[in-house]
Amino acid sequence: MSMAQQSSPTSAVDGIRRPMSSKDLRKAVGKLLRGAQPLPIVQAGHPVLREVAQPYDGELSPELMADLVEAMKAAMHAAPGVGLAAPQVGLGLALAVVEDSGDDEDDPRERTDLPFRVIVNPAYEPVVGDDGAEDLVVFEEGCLSVVGYEAERARHRSVRVTGQDETGRAFDEVHSGWAARIMQHEIDHLSGVLYVDGADPRTLSWTGRV
């Protein structure tokens, strides 16, 4: 299946976007998994990247969820990247995978090891200092759905992230540094937001990677 042919888990009736039923969602995931592997990553301009993802409510069997997670993990590794949200493979579901093996104490981005994990229905909020001020940091950022470009983007240095894993187990944790940036980037995808929306357009640069 080409990127242009992939669809999000919403249906159109009289021009109104509606959440997909459990049955239709399972069909959409099955169709996605029977298609090209690794999963093609859709690019900016695809409508699914601008839609609010449908919350996950246990519609998939454990086996189908495991297959979807493995397919997204393989696509993330093949890209390669450190995070991938379901909308980026054409599936408008509130789910993402993240992983980063960075561990460099001298890296100004505070890039530390982030073991592979699945985040479902996630949300984040900034962790503020004792004075109530938000700690923002600016670094170059890229996206697998805006291939070939980078731009400087201000992000919260530390965020509190809540949600569930793929089994439905709730989590509530704080991430800082580059891991916090990864979380913000992927969770933004689930709200139809791309990193370029908040980037400094004067810093947009071509990386030469496609």
Of all residues in segment 30-52 being of a type outside the set (A, V, I, L, M) and crowded, with 17+ Cβ neighbours inside 10 Å, which is nearest to ALA71 (Cα to Cα)? PRO40
Somewhere in segment 38-53, is a residue within 23 Å of GLY163 (Cβ to Cβ), under 14 Å from the mean Cα position of the chain (by Cα) and of a type in the set (Gly, Ala, Ser)? yes
Which residue, of ALA123, ALA179, is modelled with pLDDT of 95 or more, more than 21 Å from ASP200 (Cβ to Cβ), under 18 Å from the mean Cα position of the chain (by Cα) and not in a strand (DSSP E or B)? ALA179
Residues that are in contact with a strand residue (DSSP E or B) (Cβ under 6 Å, 6 or more places away or on another chain) and not β-branched (Val, Ile, Thr), drawn from segment 53-74: ALA53, GLN54, PRO55, TYR56, MET72, LYS73
Per the filter on segment 165-192, residues out of contact with any Leu (no Cβ under 9 Å at 6 or more places or on another chain) and surrounded by fewer than 18 Cβ atoms within 10 Å (Cβ to Cβ) are ASP165, THR167, GLY168, ARG169, ALA170, PHE171, ASP172, GLU173, VAL174, SER176, SER191
Among the residues of segment 134-174, the number that are assigned to a strand (DSSP E or B), within 16 Å of VAL97 (Cα to Cα), within 16 Å of the chain's Cα centre (by Cα) and not hydroxyl-bearing (Ser, Thr, Tyr) is 3
Residues of segment 67-82 being part of a helix (DSSP H, G or I) and within 17 Å of the chain's Cα centre (by Cα), in sequence order, are LEU68, VAL69, GLU70, ALA71, MET72, LYS73, ALA74, ALA75, MET76, HIS77, ALA78
Subset of segment 103-116, residues within 18 Å of VAL138 (Cβ to Cβ) and under 23 Å from the mean Cα position of the chain (by Cα), comes to ARG109, GLU110, ARG111
Considering segment 95-136 alone, what residues qualify as being touching a strand residue (DSSP E or B) at 6+ places or on another chain (Cβ under 6 Å) and either over 20 Å from VAL174 (Cα atoms) or of a type in the set (Asp, Glu) (or both)? GLU99, ASP100, GLU125, GLU134
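The values are calculated or read from the model by the stated rules, or taken from the named source; none is laboratory data. Keep in mind that this is a model prediction, so the values were computed, not measured. Cβ coordinates were reconstructed from backbone atoms using ideal geometry, including for glycine residues, and neighbour counts include every protein chain displayed.
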